[in-house]
Amino acid sequence: MMNRRILTLLLIIFILTGLAFSAVPYLSSLKPVNLEKSKIKLRVDLRKMPENSVKELKWHDYKVFIVKYETTQNAFLIPFKNGAYLLPDAEQGWAKAVVPCKKIQADYTGFACIDAELPEVRGKSAQWNIKGKAIIKNDLNMPDMQQAPYKIFGSFLVVDKEYKQTTTPE
């Protein structure tokens, strides 16, 4: 009798251990991993956007500005961290976006940084037209807006890191 009880107990322990080991991969797959988060694409239905409009969306560490004007669609990126837009460095451009800006005003005429704490020279130069071209060229040499990597599929504009960035339209 004693051996039967021990064998039954060992069998139950063995089955529970096997269930625990088989449940670990399943339970860990339920959490989103960083690899999967980095594959997230941004899809915008252009039919739902009115003509001559700009839509601002969060995507990874950026704000993406989807622009629909006349017969053209475009997408621009501005780095966004800790609740502030990051404007480009005067010398290194968008590769080193470090100057914080509290608000970007975006409409069918263009983009502008609105921040009272930003030096006036810097604030005036942080303006772009609707095509992403810098409006004021001065000593700071503000670069054009950086293009988002996107493609258009039918009526959808899809932003994805895998797509090649295009140049700013003329």
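Since every read-out is calculated from the coordinates, none of them should be taken as a lab result. Just so it is clear, the structure is predicted and the values come from calculations on it, not from any experiment. Methodologically, a virtual Cβ is constructed for each residue, glycine included, from the backbone with ideal geometry; neighbour enumeration extends over all protein chains shown.
For the residues GLY154, GLY18, GLY83, a GNM of the chain with alpha-carbon springs under 10 Å puts the largest fluctuation on GLY18. Extension gain for the segment ASP107 to ASP160, taken as residue separation times 0.36 nm less the Cα-Cα distance, is 16.7 nm to one decimal. Compared with the alpha-carbon gap, the fully stretched path from LYS48 to PHE153 is longer by 36.3 nm at 0.36 nm per residue. For the chain, modelled as a GNM whose springs connect Cα atoms under 10 angstrom apart, the maximal fluctuation among VAL159, VAL44, VAL64 occurs at VAL44.
In terms of its C-alpha gyration tensor, the stretch 42-159 comes out prolate, because a/c is 1.5 or above and the ratio a/b outweighs b/c. For the chain, modelled as a Gaussian network with Cα springs under 10 Å, which listed residue fluctuates most, LEU118, LEU87, LEU11? Result for the chain, Cα springs under 10 Å: LEU11 fluctuates most.
Taken one residue at a time, the phi angles of the stretch 59-76 give Karplus couplings (6.51, -1.76, 1.60, θ = phi - 60°) of 8, 6, 9, 10, 10, 9, 9, 8, 10, 10, 9, 6, 10, 10, 10, 8, 9, 10 Hz. Gly and Pro are set to x. The angle between the Cα long axis of helix 2-29 and the main principal axis of the chain comes to about 10°, on a 0 to 90 degree scale.
Using C-alpha pairs under 8 Å with a sequence gap of at least 6, the mean separation divided by the residue count of the chain gives a relative contact order of 17 percent. Here ASN3 and VAL24 are evaluated by their C-beta separation; at R0 = 45 Å the FRET efficiency comes out at 0.90. Helical content alone sets the calculated 222 nm signal of the chain at -7500 deg cm²/dmol, taking -39,500 (n - 2.57) per DSSP H segment of four or more residues and averaging over every residue.
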